[in-house]
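Read through the structure below, which is laid out as structure tokens, and then see the notes.
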DNA sequence: TCTAGTTGTAACAAAGATAGTTACAATAAA
DNA sequence: TTTATTGTAACTATCTTTGTTACAACTAGA
């Protein structure tokens, strides 16, 4: 299963806010135009980012802004904000292995630390990349 | 989104085959009993593992076996076998960013290498764990 | 050769997630 | 007061996952 496009969408939204902040009011309609997704979807994602303290959204008057330095917002922050993973576990375990089987009884405890290692490796890489990196590369191309 | 339980299920199946190989014919029915999932689901996963050359399944007479050393089957091998990810990409990109927007035009190329770094970090950790590790820990507990 | 047990696969259903859409009350600035 | 915008509800369509029944194809052993 793939990680939902909400993640790339959220990064795109941040990039738009930063690039256009001085020249436009960056509304959900504006962002919908750049991302080519429905403005309601944009507002939902903005709501998740706002709940995580990563953006500010002006109710009524409209427009989104980024309340902290780009270098302090990592991909992991964004991932955690938009990718509402159950109990924070990347791997979905099959629910009821048979406890009367010596394998079924132990499979969970045997795998848990190994799956966590994989998840932590992924999260470590996510946290090593920030919006500052994204904007540096974006401005090079614009 | 979580990684499908097919992955933990597949590892469970391997563990069963290895533990019970000398005492039982390990059929899909047998594996369904230990994992507590439907035998057809087990057969589908066995089919994917077989296609990847990770198990052998005896048609007709029944029973699954592992045709190579446990140390040579990594979590990444199993992941790739059962987690049919579109074009091998972990991240789902939003489809049609607006090419007339300087951000929309460049977001894909800016993000691609960064998302690949995350995916590679995860795959590297997956490939560092083998069924040998799983069976060592399992046998300790049995 | 016949039988019993098993695999491979099709067809379908239920549940959950994703993504899109319309609609509208609440809000804030001009 | 008007206008633009946000936040959210309600609904839909599509896709994926998982479960289920059914059955043809297959193999070993009686």
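Would you check if residue B:16 is within 13 Å of another protein chain (Cβ to nearest Cβ), over 30 Å from residue A:141 (Cβ atoms) and not in a helix (DSSP H, G or I)?
On the way: within 13 Å of another protein chain (Cβ to nearest Cβ): yes; over 30 Å from residue A:141 (Cβ atoms): yes; not in a helix (DSSP H, G or I): no.
No: the conditions fail for residue B:16.
Look at residue A:61 and say whether it is within 11 Å of DNA strand D (Cβ to nearest atom) and touching a strand residue (DSSP E or B) at 6+ places or on another chain (Cβ under 7 Å). Full working, then the answer.
Details: within 11 Å of DNA strand D (Cβ to nearest atom): yes; touching a strand residue (DSSP E or B) at 6+ places or on another chain (Cβ under 7 Å): no.
The answer is no for residue A:61.
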How do the helices (runs of 4 or more DSSP H) wholly within the range B:60-142 filter down when requiring 3 or more residues that are within 9 Å of chain A (Cβ to nearest Cβ): which remain? B:102-127, B:131-141
Counted residues in the range A:29-49 being touching a strand residue (DSSP E or B) at 6+ places or on another chain (Cβ under 8 Å) and more than 6 Å from DNA strand D (Cβ to nearest atom) come to 1
Given the conditions (1) at pLDDT below 95; (2) under 30 Å from residue A:33 (Cα atoms); (3) in contact with a helix residue (DSSP H, G or I) (Cβ under 9 Å, 6 or more places away or on another chain), which single one is not true for residue B:63? (2)
Name the residues in the range A:34-54 that are in a helix (DSSP H, G or I), within 14 Å of chain B (Cβ to nearest Cβ) and within 12 Å of DNA strand C (Cβ to nearest atom), would you? A:35, A:39, A:41, A:42, A:44, A:45
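The values are calculated or read from the model by the stated rules, or taken from the named source; none is laboratory data. Keep in mind that this is a model prediction, so the values were computed, not measured. Ideal geometry is used to build each Cβ from the backbone, glycine not excepted, and the neighbour counts take in all protein chains shown.
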